[in-house]
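Here the structure comes first, spelled out in structure tokens, and everything after it is commentary.
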Amino acid sequence: MSTAQQVPDILSPEFAADPYPAYRVFRDSAPLLWHEATQSYVVSRYEDVERVFKDKQGQFTTDNYDWQIEPVHGKTILQLSGREHAVRRALVAPAFRGTDLQEKFLPVIERNSRELIDAFRHTGSADLVTDYATRFPVNVIADMLGLNKGDHERFHRWYTAVIAFLGNLSGDAEVAAAGERTRVEFAEYMLPIIRERRDRPGTDLLSQLCAAEVDGVRMSDEDIKAFCSLLLAAGGETTDKAIAGIFSNLLRHPDQLAAVREDRSLIPRAFAETLRYTPPVHMIMRQSAEEVELSGGTLPAGVTVTCLIGAANRDDRRYSDPDRFDIFRDDLTTTTAFSAAADHLAFALGRHFCVGALLAKAEVETGVGQLLDAMPDVRLAEGFEPAEQGVFTRGPARLPVRFTPVSG
């Protein structure tokens, strides 16, 4: 068992600036590390993080979400287990796969992407983070739920406060208070809308959630509000950072950008490799239900486990040359990259695998394709070098680009 003195501190400015060298130290020297400030054990190797997520023997729980996310979202599906979890997941999952996704929501995705691109396609310049990525997934989710997209600024402020709360590893009191205020504000906004949809349902996702029933179970107003809150935060922040990450990675690898431009069927490969190389979420926590043997020692029962996705996804025990971005690598399976059989860890695995993975894939395929159509010669603004920001979630804060507008 290693102690924090021997390795970089995950709360240090140096770590925030560039965590990848620190991740290597964790994997090689401290695969199981007690971190005093977060009161958690840090796990960094692929095989260990995979084991925690898959949890085939019921050794880990999501009880950590009771204090990590319930104060901002209310009680969500992430905190449930067993039949209760299975039923709730069955209530919400159909909207995010198959016919509903293709027929009802793909047109919503395409329209929202096009509207954002129309605002800058003739100008020859854009910031792909502020003009597109931070807006696109939130607009899609608001549209899917039948909410007013004019409330975008409010949604963005809420999900930014929620993500800051989730990543508040140092326990900043102001960040905690802002997150808890968001729960109250979001409930005041959503609950009247939910009650109205129960009385007058439409064809939107919110109406679907109000009407959904499995084994005689329906979601309460509070269940639906909590799920919508989770959807806005998780779906907004992660897809936002994934799209910015794909372009950041491709723009720094012009040969791979050219390949994707010529063959759009490579977009899922670029997405999968981005999820491995620069995942939007770098840490996910779990709770140990019993004593577990992992690399580097014994994990006690009843403790919080911080799983370093950003470290595990670059483990050279699992991937060859892991610090190289390569959409053509042969040790990452694109066909399963957006399912619970994924061999990267960005969506977690097992029964809590991200329910919105296929929605994210549809958004990314649509968005990247439309952006490349509008900006065939896209390039970074002169002198600009992309830089990631964040510790819990991470991605480029800005991505100014230049391009020759396409006539017509």
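Within a Cβ distance under 15 Å of Ser40, other residues only, what is the Lys/Arg minus Asp/Glu net charge? Don't skip to the end; give the middle numbers.
Numbers: positive: Arg286; negative: Asp9, Glu36, Asp48, Asp63, Asp66.
Result for the local shell: -4.
According to the Cα gyration tensor, what semi-axes, each the square root of 5 times an eigenvalue, does the equivalent ellipsoid of the range 14-62 have, listed from largest to smallest in whole Å? Let's see the in-between values first.
Details: eigenvalues 99, 35, 18 Å².
So the equivalent ellipsoid measures 22, 13, 9 Å along its semi-axes.
Which is farthest toward the positive dipole end of the chain among Phe247, Ala211, Ser265, measuring Cα position about the Cα centre, with Cβ charges +1 (Lys, Arg) and -1 (Asp, Glu)?
Of the options given, the answer is Ala211.
Given a 1.4 Å probe, how much area per residue of the range 231-305 is accessible, in Å²? Don't skip to the end; give the middle numbers.
Details: 2170 Å² over 75 residues.
Accessible area per residue, the range 231-305: 29 Å².
Nothing charged except the Cβ atoms of Lys and Arg (+1) and of Asp and Glu (-1): what's the magnitude of the dipole of the chain about its Cα centre? Round to the nearest 20 debye. Show your work: numbers first, answer last.
Details: 45 positive and 60 negative charges, 134 e Å.
Dipole about the Cα centre, nearest 20: 640 debye.
Measure up Lys56/Lys149; Lys54/Lys241; Lys54/Lys149 against 31 Å on the Cα-Cα distance and list the ones that go over. Before the final figure, lay out the partial values.
On the way: Lys56/Lys149 41 Å; Lys54/Lys241 25 Å; Lys54/Lys149 37 Å.
In this structure, Lys56/Lys149; Lys54/Lys149 lie more than 31 Å apart at Cα.
Based on alpha-carbon centroids, what's the gap between the range 300-338 and the range 217-290 in Å, whole number please?
14 Å
Can you tell me the equivalent ellipsoid semi-axes for the range 290-408? Use √(5λ) from the Cα gyration tensor, largest first, whole Å. Don't skip to the answer; put the middle values down first.
Values: eigenvalues 246, 64, 45 Å².
That gives 35, 18, 15 Å for the three semi-axes.
How much length is gained if the chain between Ala397 and Arg195 is pulled fully straight, taking 0.36 nm per residue apart and subtracting their Cα-Cα distance, in nm to one decimal? Mind showing how you got there, number by number?
Working: separation 202, 0.36 × 202 = 72.72 nm, distance 3.74 nm.
Length gained between Ala397 and Arg195: 69.0 nm.
If you restrict to DSSP beta bridges whose two residues both lie in the chain, what percentage is antiparallel, to the nearest 5?
Rounded to the nearest five, the antiparallel share is 80 percent.
The values are calculated or read from the model by the stated rules, or taken from the named source; none is laboratory data. What you are looking at is a predicted structure, and each value in this text was computed from that prediction instead of being measured. When we count neighbours, we look across all protein chains shown, and the Cβ atoms used for this are built from the backbone with ideal geometry, even at glycine. Only protein heavy atoms, including side chains, enter the accessible area calculation; ligands, DNA and RNA are left aside. Shrake-Rupley method; radii C 1.70, N 1.55, O 1.52, S 1.80 Å.
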